[in-house]
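Below is one structure, written out as structure tokens, with a few remarks after it.
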Amino acid sequence: MPIFMIAYDLRGKRKVYEGFYDTLKVLDSRSPLKAVQFVETDRDAASLFMDLSEGLEPEDRIVVMEIKDGADWFAYGISNERWLKAKLPQS
């Protein structure tokens, strides 16, 4: 199943983003860093983006990116590193 990285910067004036965080919770996301989530799902980037961007304000920012098998990556001191290594083994 594909893995997606979701990065966001929520800087809208209302500062309440329950719907956004509820969607991430339903997706069983993993957060290695503040404002970064990893999701394993059979959905595509466009549908994830549409669900997550509902209710965002013009000042907010979001990126949804699929991480393909064989992706080259390294991390230091992050939470969920074991999960990430299991899902996207380093070469």
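Taking region 11-38 as the region of interest, how many residues are assigned to a loop (DSSP other than H, G, I, E, B) and either of a type in the set (A, V, I, L, M, F, W, C) or in contact with a Cys (Cβ under 9 Å, 6 or more places away or on another chain) (or both)?
3
In the set A35, A45, A75, which member is surrounded by 14 or more Cβ atoms within 10 Å (Cβ to Cβ), of a type in the set (A, V, I, L, M) and touching an Asp or Glu at 6+ places or on another chain (Cβ under 7 Å)?
A45
For the list (1) in contact with a strand residue (DSSP E or B) (Cβ under 9 Å, 6 or more places away or on another chain); (2) part of a loop (DSSP other than H, G, I, E, B); (3) on the phi < 0 side of the Ramachandran plot; (4) at pLDDT 90 or above, I need the number of the one condition that A75 fails.
(4)
For region 42-81, give me each residue that is over 16 Å from I3 (Cα atoms) and hydroxyl-bearing (S, T, Y).
Within region 42-81, S53, Y76, S79 meet the criteria.
Mind checking whether some residue in region 24-44 is among the aromatic types (F, W, Y) and under 25 Å from A86 (Cβ atoms)?
Among the residues of region 24-44, at least one is among the aromatic types (F, W, Y) and under 25 Å from A86 (Cβ atoms), which makes the answer yes.
Among the residues of region 57-66, is there at least one that is of a type outside the set (F, W, Y), touching a Lys or Arg at 6+ places or on another chain (Cβ under 8 Å), assigned to a strand (DSSP E or B) and surrounded by 15 or more Cβ atoms within 10 Å (Cβ to Cβ)?
The answer is no, given that none of the residues of region 57-66 is of a type outside the set (F, W, Y), touching a Lys or Arg at 6+ places or on another chain (Cβ under 8 Å), assigned to a strand (DSSP E or B) and surrounded by 15 or more Cβ atoms within 10 Å (Cβ to Cβ).
Search region 67-91 for residues that are over 20 Å from K34 (Cβ atoms) and pair each with any residue that is surrounded by 10 or more Cβ atoms within 10 Å (Cβ to Cβ) and of a type in the set (V, I, T) when their beta-carbon atoms are under 7 Å apart and the residues are at least 6 apart or on different chains.
The qualifying pairs are K87/I3; L88/I3; L88/I67.
Evaluate the following for S47: is it assigned to a loop (DSSP other than H, G, I, E, B) and of a type in the set (S, T, Y)?
So S47 fails the test.
The values are calculated or read from the model by the stated rules, or taken from the named source; none is laboratory data. Not measured: the values here are computed from a predicted model. No Cβ is skipped: glycine too gets one built from the backbone with ideal geometry, and neighbour counts run over all protein chains shown.
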